[in-house]
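A quick write-up on the structure given underneath.
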C-alpha cells in the first residue's frame with residue numbers, strides 16, 4: 001500500500017473585506033496539489049506560503065491566519081492492482097477495404 005500525505009488546515013480566517021462570504025474554516029489538501037515532493041512535506045517544513053497560495057487560488061479570497069498539520073494516510077488501493085470491473089476490453093483491428101482501424105469495446 002502506498003502512503004500519501006495530506007494537510008489538514010484548520011482555523012482559517014479569511015480576509016473578506018467585511019463581506020459575508022460562506023467560506024470553509026477547515027480544509028483538507030492532498031499534498032500532491034501543492035506541487036511539492038513528498039519528502040518536502042512535513043510538520044517541520046514551512047508550508048505557509050504554499051498553503052496561502054493554494055487557498056487563495058481555490059477560493060478567491062485572501063487568508064489572514066490558519067493552523068495546519070501534515071498527516072500520512074494509507075491509500076486504499078494497491079498501485080499494482082487493476083480491478084477488472086473498471087477496465088475495458090478493447091479490440092483493435094484494421095479494415096483493409098476501408099483503410100482504417102476499427103475499435104470494439
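The values are calculated or read from the model by the stated rules, or taken from the named source; none is laboratory data. As the structure is a prediction and not an experimental result, all values here were calculated from the model. Virtual Cβ from ideal backbone geometry, glycine too; neighbours counted across all protein chains shown.
Selection over the range 10-39 of residues that are exposed (fewer than 11 other Cβ atoms within 10 Å of the Cβ) and at pLDDT below 85 gives a count of 3. Residue count for the range 40-70 under the criterion of being at pLDDT below 90, exposed (fewer than 14 other Cβ atoms within 10 Å of the Cβ) and not in a loop (DSSP other than H, G, I, E, B): the result is 4.
The conditions of being within 22 Å of the chain's Cα centre (by Cα), in a strand (DSSP E or B) and at pLDDT 70 or above are met by residue 6.
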